[in-house]
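Below: the structure, in structure tokens.
The values are calculated or read from the model by the stated rules, or taken from the named source; none is laboratory data. Quick caveat: nothing in here was measured; it's all calculated off a predicted structure. Note that each Cβ is placed from the backbone with ideal geometry, even for glycine, and that neighbours are counted across all protein chains shown.
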Amino acid sequence: MDQAFTLGIEEEYLLVDRETGDLREAPQELMEACTAELEGQVSPEFLQCQIEIGTRVCADITAARADLRRLRATVSRCAEAHGLSPLAVSCHPFADWKDQQHTDRDRYNQLARDLGGVVRRMLICGMHVHVGLPDDELRIDLMSQLSYFLPHMLALSASSPFWQGEDTRLASYRLTVFDNLPRTGLPPQFNSWAEYERTTETLITLGLIEDTTKIWWDLRPSHRFPTLETRICDVSPRMEDALSLAALAQCLARFFHRLRQKNQRWRVYDRFLINENRWRAQRYGTSEGLIDFGARAIIPLTQAVEEIRELIAEDAAALGCEAEIARLSHMAETGTSADRQRAVYTETRAAGKDHQAAMRAVVAHLVEEFHLDL
């Protein structure tokens, strides 16, 4: 298990005009400049106003922080040369998806053909966390157990309250858009790697998908790497929040592996029940609590986070991420990016500014948060 519990973080960013906050397409010169410095770690995304980065394989959270900081800082510096700034947010507060164009690449052209009008609304960004688990059977076993905690991660990460200039009253509107695609949502429960392969191979054999990169569950075995890939999270404007969520995924994987070594495991609940918590996280973020199925009660997220921290304390110590796991309590107590965005909007309107000025103030706030700790 030498490669076990390594970390990789992928983030998708939006590019905005530094003066107006409007979305802008990535100039070819910007992509070339980023690629020259970050070869293999940066790429275009589905829409031309997006850019994606990915860290190297990181042994621990310290290495992940250094690499993610370098990636964010480089994209920011290259964007600034073109009057742009990146946003690490899952939905732009006021942009209209109908005005966006998808990137002219074979993969994205195929997506546009296959998914029709549904994919046009994909003006959303996410964060993916890869945790190294070289054993196939272990990845499948841990996937069914880790699914229980996906709503907790979504609640903490929620950063998409606005859509096309309106408050959706959701903490994560991103999932409302993403769930319209096929092969999304919570992963099915598989009893073995062979069962997972038989199931996914059915679609591949029929020519419906070319490989499992077209399966977009909230949690999946990565197609390209020996990792379990957590995909539930909204992208976090603050880098340190992103790192705490990555550390949580890493610690939970190690925790479940410890249980397995003792011939124990976390109870696997029906997807129907976990989906109820997923909806609560999507709707309320950290404010209204999640269901504790064992206790048959709705508990505050602050309490849930404290209980999780107790479960994974040994793992956080072993992995060297105690500070990042401790930060989760602060995130649960103080609220999400969605809460902060709404506060900026409300304060700006209270100061006498109109709706559009308040929306632009939210974008300026997101630009500022992107650059914290860089």
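Would you mind stating whether Q341 is in contact (Cβ under 8 Å) with a residue 24 or more places away in the chain, surrounded by fewer than 19 Cβ atoms within 10 Å (Cβ to Cβ), assigned to a helix (DSSP H, G or I) and not basic (K, R)?
When the stated conditions are applied, Q341 does not pass them.
Please determine, by comparing only the residues of the stretch 78-106 that are surrounded by fewer than 16 Cβ atoms within 10 Å (Cβ to Cβ) and touching a helix residue (DSSP H, G or I) at 6+ places or on another chain (Cβ under 9 Å), which one is modelled with the lowest pLDDT.
Within the stretch 78-106, the match that is modelled with the lowest pLDDT is K98.
Within the stretch 140-178, count every residue that is in contact with an Asp or Glu (Cβ under 8 Å, 6 or more places away or on another chain), under 21 Å from L328 (Cα atoms) and not hydrophobic (A, V, I, L, M, F, W, C).
Qualifying residue count, the stretch 140-178: 6.
Scan the stretch 1-42 for residues that are over 15 Å from A88 (Cα atoms) and assigned to a strand (DSSP E or B) and jot them down.
L7, G8
Does the stretch 95-145 hold any residues that are in a helix (DSSP H, G or I) and either among the charged types (D, E, K, R) or at positive phi (or both), and which are they?
If the condition is that a residue be in a helix (DSSP H, G or I) and either among the charged types (D, E, K, R) or at positive phi (or both), then K98, D99, D106, R107, R113, D114, R120, D136, E137, R139, D141 are the ones that fit.
Quick one: which of E201, E166 is surrounded by fewer than 16 Cβ atoms within 10 Å (Cβ to Cβ), within 28 Å of Y284 (Cα to Cα) and over 20 Å from the mean Cα position of the chain (by Cα)?
Exactly one of E201, E166 is surrounded by fewer than 16 Cβ atoms within 10 Å (Cβ to Cβ), within 28 Å of Y284 (Cα to Cα) and over 20 Å from the mean Cα position of the chain (by Cα), namely E166.
Scan the stretch 344-374 residue by residue and report those that are part of a helix (DSSP H, G or I) and among the aliphatic types (A, V, I, L, M).
If the condition is that a residue be part of a helix (DSSP H, G or I) and among the aliphatic types (A, V, I, L, M), then V344, A350, A357, A358, M359, A361, V362, V363, A364, L366, V367 are the ones that fit.
Considering each of R220, R296, R231, R258 in turn, give the residue that is over 30 Å from R70 (Cβ atoms) and touching a residue at least 24 places away in the same chain (Cβ under 8 Å).
Answer to the selection: R258.
Scan the stretch 305-338 residue by residue and report those that are touching a residue at least 40 places away in the same chain (Cβ under 8 Å) and more than 30 Å from H92 (Cβ to Cβ).
I308, L311, I312, E314, D315, A316, A318, L319, G320, C321, I325 - these are the residues of the stretch 305-338 that are touching a residue at least 40 places away in the same chain (Cβ under 8 Å) and more than 30 Å from H92 (Cβ to Cβ).
Among the helices (runs of 4 or more DSSP H) lying completely within the stretch 241-321, list those that include at least 2 residues that are over 23 Å from V129 (Cβ atoms).
Output list reads 271-284.
Do the conditions hold for S236, that is, is it in contact (Cβ under 8 Å) with a residue 60 or more places away in the chain, under 22 Å from G320 (Cα atoms) and part of a loop (DSSP other than H, G, I, E, B)?
Criteria met by S236.
Select from the stretch 54-89 the residues that are closer than 14 Å to F370 by Cα, among the hydrophobic types (A, V, I, L, M, F, W, C) and part of a strand (DSSP E or B) and write down the one among them that is farthest from the chain's Cα centre (by Cα).
Across the stretch 54-89, the extreme among qualifying residues is L84.
Out of the stretch 322-338, which residues are under 30 Å from D17 (Cα atoms) and part of a helix (DSSP H, G or I)?
Within the stretch 322-338, M331, T334, S337, A338 meet the criteria.
What residue, among those in the stretch 204-231 that are of a type in the set (A, V, I, L, M) and farther than 18 Å from F190 by Cβ, is farthest from the chain's Cα centre (by Cα)?
Of everything passing the filter in the stretch 204-231, L206 is farthest from the chain's Cα centre (by Cα).
For D270, indicate whether it is surrounded by fewer than 19 Cβ atoms within 10 Å (Cβ to Cβ), among the charged types (D, E, K, R), at pLDDT below 95 and over 20 Å from the mean Cα position of the chain (by Cα).
Answer is yes for this residue.
Could you check T184 against (1) touching a helix residue (DSSP H, G or I) at 6+ places or on another chain (Cβ under 8 Å); (2) of a type in the set (S, T, N, Q); (3) at pLDDT below 95 and say which number it fails?
It fails just one condition, (3).
Condition first: closer than 30 Å to C251 by Cβ and either among the hydrophobic types (A, V, I, L, M, F, W, C) or touching a Leu at 6+ places or on another chain (Cβ under 8 Å) (or both). Now tell me which residues in the stretch 9-53 satisfy that.
I9, E11, Y13, L14, L38, Q41, V42, Q50, I51, I53 - these are the residues of the stretch 9-53 that are closer than 30 Å to C251 by Cβ and either among the hydrophobic types (A, V, I, L, M, F, W, C) or touching a Leu at 6+ places or on another chain (Cβ under 8 Å) (or both).
(1) within 20 Å of T35 (Cα to Cα); (2) surrounded by fewer than 21 Cβ atoms within 10 Å (Cβ to Cβ); (3) in contact (Cβ under 8 Å) with a residue 24 or more places away in the chain; (4) out of contact with any strand residue (DSSP E or B) (no Cβ under 7 Å at 6 or more places or on another chain): which one isn't true of V118, the others all being true?
For V118, the failing item is (1).
When the stretch 36-69 is examined, which residues are found to be free of Cβ contacts under 8 Å to residues at least 40 places away in the same chain and touching a Phe, Trp or Tyr at 6+ places or on another chain (Cβ under 7 Å)?
I51
Being among the aromatic types (F, W, Y) and closer than 25 Å to S192 by Cβ is the filter; apply it to the stretch 144-163 and report the residue that is surrounded by the fewest Cβ atoms within 10 Å (Cβ to Cβ).
Restricting to residues being among the aromatic types (F, W, Y) and closer than 25 Å to S192 by Cβ, the top hit is Y148.
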